[in-house]
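The values are calculated or read from the model by the stated rules, or taken from the named source; none is laboratory data. Treat the numbers as computed from the prediction; the structure is a model and nothing was measured. Cβ: placed from backbone, ideal geometry, glycine included. Neighbour counts: every protein chain shown. In case anyone asks, the SASA skips ligands and DNA or RNA and just uses the protein heavy atoms, side chains included. Shrake-Rupley method; radii C 1.70, N 1.55, O 1.52, S 1.80 Å.
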Amino acid sequence: RVTCDVSIASGVTLTITEGVIVQFEDYWVDLIISGTLQALGTEYAPIHFQPWGYPTPGSWGRIAYRPGSSGVLGHAILEYGGNYEGMVYIASDAVQVVDSVVQYGKGTGIYIHNASPLISGTQIVANTGYIWGGGLYNDIGSPLIQNNSFISNTVWPGGESFEDSRGGGLCNVSGSPI
């Protein structure tokens, strides 16, 4: 059980192995990566990132890959987390989200900022964005997005006008090909 923010420093690697369940205690609790996070589950023993206690969208914070960090979320199930920068925040090119599930998030499921990560074979399901990209939001990067499923993601316009809300599944502000 994670009770406060956990930071992985530059030069440090945290490896989470198959079948592990990581539970976050509250909505402000984040896993912040400046080094490397290798979360490598398997098809039959995925890694779970989820709230401790009753699950509701936004029950825990996010996994945040900062600039210069690296890692893989493989065969991972991330659910009921998120904030205005998503449940998975990626600001590094050296990140892969593969064969995973990102679901029931408050805020964008995956938020990509000025990076070009790989998002492949991942189900992005029932996330609610605040204004942009319920499932996936890309602002300035050129990510490789391939073989993913975007299912029932929505955008809640918040204080903005409904006309300004875009990208229930995917919002690519950069205009770069993805």
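A few notes on this one:
- Screening the stretch 103-138 for residues that are assigned to a loop (DSSP other than H, G, I, E, B) and open to solvent by 20 Å² or more (accessible area, probe 1.4 Å) and picking the one that is nearest to Ala76 (Cα to Cα) gives Gly121.
- The residue that is most open to solvent (accessible area, probe 1.4 Å), among those in the stretch 58-73 that are within 20 Å of Ala126 (Cα to Cα), within 13 Å of the chain's Cα centre (by Cα) and not hydrophobic (A, V, I, L, M, F, W, C), is Arg62.
Conditions tested, residue by residue: (1) at pLDDT below 95; (2) within 17 Å of Tyr89 (Cα to Cα); (3) surrounded by fewer than 13 Cβ atoms within 10 Å (Cβ to Cβ).
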| site | (1), (2), (3) |
| --- | --- |
| Val6 | no, yes, no |
| Val12 | no, no, yes |
| Glu18 | no, no, no |
| Gln23 | no, no, no |
| Asp30 | no, yes, no |
| Gly35 | no, yes, no |
| Gln38 | no, yes, no |
| Tyr44 | no, no, yes |
| Phe49 | no, yes, no |
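- Of all the numbered requirements in (1) modelled with pLDDT under 95; (2) farther than 14 Å from Gln96 by Cα, Ile124 misses one, and that requirement is (1).
- Enumeration of residues in the stretch 85-97 that are over 9 Å from the mean Cα position of the chain (by Cα) and open to solvent by less than 30 Å² (accessible area, probe 1.4 Å): Ala91, Ser92, Val95
- The stretch 139-150, subset among the small types (Gly, Ala, Ser) and outside any strand (DSSP E or B), residue least open to solvent (accessible area, probe 1.4 Å): Gly141
- The combined condition, being more than 14 Å from the chain's Cα centre (by Cα) and either at pLDDT 95 or above or open to solvent by 30 Å² or more (accessible area, probe 1.4 Å) (or both), is not fulfilled by Ser100.
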